[in-house]
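Novice: This structure is in structure tokens; I'll ask about it shortly.
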Amino acid sequence: MSKSMSLLWAALLICMTACKKEQAIQDSKLSPVTTARKAASPLLKSIEYGTDWSGTVQIAIVTSYTTGTDLQLDVKVPDGYALIGGGAVASPLVSTSAAFLTAAYPDLDYTTWHAASTDHMHTFVHTLYGYAIGLKVTGMTKQELTSNMWLFSNTSSVASHPATSVTIENAYTLIGGGAKVASDANLLVYSYPYGTSWFAASKDHEVSAPASITAYALGLKTAVLEQKNLEVVRDSIATVTSGGISSASIFADTTWVAGSPGALATYKGAGRMLQGIAPHLQDATVTSKDLDVSDSGTTAVYALKIRKKK
């Protein structure tokens, strides 16, 4: 091989090595950006902090969101807080919406709230907001609080309109709960507290889609509430609608924090389903809606409010 040919091959090898190094540098620069974008969904929207009149009962409400057509979202309460409830909203809440809730329920880790929504019959891009409500009690660590909590659950049989309930044990006081449908084509109709039980139901709509539903109830030992001189009270309010989108809101005075919300949609014909269960520090709002076929009914909102006794 001639000297000039050897020099040419050497030059080519240097060029190829340099190109590979440059490509590696570019790839390493791109990787963190790609990872960051994946980590950014779901997005953190806000954290609300509040207390009852005494400062003994402290609440944190974390809100996250994601956008699409068939959505799931996990929201965690801040460190030091124990999960007692949450909510979910399929936004925008407008008359043309075809998005409804399929899940809003607590995790056994007492930290994570799960929310899910889907469009139905029509493609509808929407934003799912998930809310996780955390509780902190002055003088107690999270471990001390959660060691006195229990998550009860019960799953229905498979049906077009499944319904079930779960009742906490006698030693506990109901402080929260939720529901999960085991199908994207079966939509939440209610998830609410009454007495010592949490009730849940869902339905298919326009097309057959049998499913099961699970009701969840969070209980805190009554002895802890008595030791800390705390009280939990259930409030509710309902509105009547002749059709379309409907909402109901409930408010607590500033001596309370609103705690875990519940929701109920009733209907007389084809059906009304839940679109939103939105908790805030001193209030909660529930939204329901019919789809394609106008239907009348009621929309009810529930709140398990908490405070130190006065």
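Novice: Could you please let me know if A278 is out of contact with any Gly (no Cβ under 8 Å at 6 or more places or on another chain) and either of a type in the set (A, V, I, L, M) or surrounded by 24 or more Cβ atoms within 10 Å (Cβ to Cβ) (or both)?
Specialist: When the stated conditions are applied, A278 does not pass them.
Novice: With the structure loaded, tell me whether G297 is in contact with a Ser or Thr (Cβ under 9 Å, 6 or more places away or on another chain) and at positive phi or whether it fails that test.
Specialist: yes
Novice: May I ask you to verify whether A252 is assigned by TED's automatic domain parsing to the domain that holds H161 and at pLDDT 95 or above?
Specialist: Judged against the criteria, A252 is a match.
Novice: Does A211 satisfy the condition of being in the same structural domain as D70 (by TED's automatic domain parsing) and either touching a Phe, Trp or Tyr at 6+ places or on another chain (Cβ under 8 Å) or over 23 Å from S147 (Cα atoms) (or both)?
Specialist: Considered against the rule, which asks whether it is in the same structural domain as D70 (by TED's automatic domain parsing) and either touching a Phe, Trp or Tyr at 6+ places or on another chain (Cβ under 8 Å) or over 23 Å from S147 (Cα atoms) (or both), A211 comes out as yes.
Novice: Just checking, how many residues over the stretch 235-261 are of a type outside the set (A, V, I, L, M), more than 16 Å from D52 (Cβ to Cβ) and not in a loop (DSSP other than H, G, I, E, B)?
Specialist: The number of residues fulfilling the criteria is 7.
Novice: Pick from V166, V181, V158, V224: which is surrounded by fewer than 18 Cβ atoms within 10 Å (Cβ to Cβ), touching a residue at least 40 places away in the same chain (Cβ under 8 Å), out of contact with any helix residue (DSSP H, G or I) (no Cβ under 6 Å at 6 or more places or on another chain) and not aromatic (F, W, Y)?
Specialist: Just a single option satisfies the conditions, and that option is V158.
Novice: Can you list residue pairs whose Cβ atoms sit under 7 Å apart, with the first residue in the stretch 191-213 being under 29 Å from H122 (Cα atoms) and basic (K, R) and the second being at pLDDT below 95 and part of a loop (DSSP other than H, G, I, E, B)? Count only pairs 6 or more apart in sequence or on different chains.
Specialist: Partner pairs satisfying both residue conditions: K203/G271.
Novice: OK, next. Taking the condition of being modelled with pLDDT under 95, part of a loop (DSSP other than H, G, I, E, B) and out of contact with any Gly (no Cβ under 9 Å at 6 or more places or on another chain), how many residues in the stretch 68-99 meet it?
Specialist: Of the residues in the stretch 68-99, 6 are modelled with pLDDT under 95, part of a loop (DSSP other than H, G, I, E, B) and out of contact with any Gly (no Cβ under 9 Å at 6 or more places or on another chain).
Novice: Ok, one more. Can we say V89 is farther than 24 Å from R307 by Cα, in the same structural domain as T63 (by TED's automatic domain parsing) and surrounded by fewer than 24 Cβ atoms within 10 Å (Cβ to Cβ)?
Specialist: Considered against the rule, which asks whether it is farther than 24 Å from R307 by Cα, in the same structural domain as T63 (by TED's automatic domain parsing) and surrounded by fewer than 24 Cβ atoms within 10 Å (Cβ to Cβ), V89 comes out as no.
Novice: Please indicate, with yes or no, whether at least one residue in the stretch 217-230 is basic (K, R), touching a Leu at 6+ places or on another chain (Cβ under 9 Å) and part of a loop (DSSP other than H, G, I, E, B).
Specialist: Within the stretch 217-230 (the criterion being basic (K, R), touching a Leu at 6+ places or on another chain (Cβ under 9 Å) and part of a loop (DSSP other than H, G, I, E, B)), the answer is no, since none of the residues qualifies.
Novice: Condition test on T146, is it modelled with pLDDT under 95 and surrounded by fewer than 20 Cβ atoms within 10 Å (Cβ to Cβ)?
Specialist: No: the conditions fail for T146.
The values are calculated or read from the model by the stated rules, or taken from the named source; none is laboratory data. Keep in mind the model is a prediction, meaning the values are calculated, not measured. Glycine gets a Cβ as well: all are built from the backbone with ideal geometry, and neighbour counts include every protein chain shown.
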